[in-house]
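*Asks:* The following block contains the structure, expressed as structure tokens.
The values are calculated or read from the model by the stated rules, or taken from the named source; none is laboratory data. This is a predicted model, so every value here is computed, not measured. For neighbour counting, all protein chains shown are included, and Cβ atoms are generated from backbone atoms with ideal geometry for every residue, glycine included.
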């Protein structure tokens, strides 16, 4: 048996302590590291590393949660805007149907404007759509004696135009 194993046995049996070993050699914990350069015995602090790692993980989680919330809020806002547009379009469609049903002296002109607006859907050329849209808007503005009819038709025309403009880029 070598010396190290004898020391281990003595320590395990409680016959000698580690302090006794240092006392005999006149060593202290501080003195035992006295001649070693400081950079060689930097002791890593596993708790500090764990805390730093935890903080990084929490920062990443918080950033992901923040981004996810922003995406959800943006999506919710887009859905809300879409629903508002659908509601507005449905109200506008109801107004158009009422204009067609009403028996006034300009009913044929209203019907022709609506047919021209719907015919725009067949166009594939952006300039042609814009040109026909301007002509239709000029006809709509001729309803100066009936502002409600003019507003309803102009809103419908703008809705159709914007929809078609979004399809053809």
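Yes/no matrix, rows are residues, columns are (1) farther than 26 Å from residue 166 by Cβ; (2) in contact with a helix residue (DSSP H, G or I) (Cβ under 8 Å, 6 or more places away or on another chain):
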{"position": "56", "(1), (2)": "yes, no"}
{"position": "72", "(1), (2)": "no, no"}
{"position": "85", "(1), (2)": "no, no"}
{"position": "118", "(1), (2)": "no, yes"}
{"position": "123", "(1), (2)": "no, yes"}
{"position": "133", "(1), (2)": "no, yes"}
{"position": "138", "(1), (2)": "no, no"}
{"position": "143", "(1), (2)": "yes, yes"}
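*Asks:* Looking at segment 92-104 only, could you name the residues that are exposed (fewer than 10 other Cβ atoms within 10 Å of the Cβ) and either in contact (Cβ under 8 Å) with a residue 40 or more places away in the chain or not in a helix (DSSP H, G or I) (or both)?
*Replies:* Listed by number, the list holds a single entry, 103.
*Asks:* Among the listed residues 15, 84, which satisfies the condition of being modelled with pLDDT of 70 or more and either touching a strand residue (DSSP E or B) at 6+ places or on another chain (Cβ under 6 Å) or outside any helix (DSSP H, G or I) (or both)?
*Replies:* Within the list 15, 84, the selection yields 15.
*Asks:* Now, a different point. Just give me the residues in segment 105-116 being in contact with a helix residue (DSSP H, G or I) (Cβ under 9 Å, 6 or more places away or on another chain), free of Cβ contacts under 8 Å to residues at least 40 places away in the same chain and more than 17 Å from residue 162 (Cβ to Cβ), in sequence order.
*Replies:* Scanning segment 105-116 gives 107, 109, 111, 112.
*Asks:* If the requirement is being exposed (fewer than 10 other Cβ atoms within 10 Å of the Cβ), closer than 25 Å to residue 146 by Cα and at pLDDT below 85, which of these qualifies: 108, 89, 40?
*Replies:* Checking each option against the conditions leaves just 108.
*Asks:* Which members of segment 128-152 meet the condition of being at pLDDT below 90, exposed (fewer than 11 other Cβ atoms within 10 Å of the Cβ) and more than 18 Å from residue 92 (Cα to Cα)?
*Replies:* Matches in segment 128-152: 144, 145.
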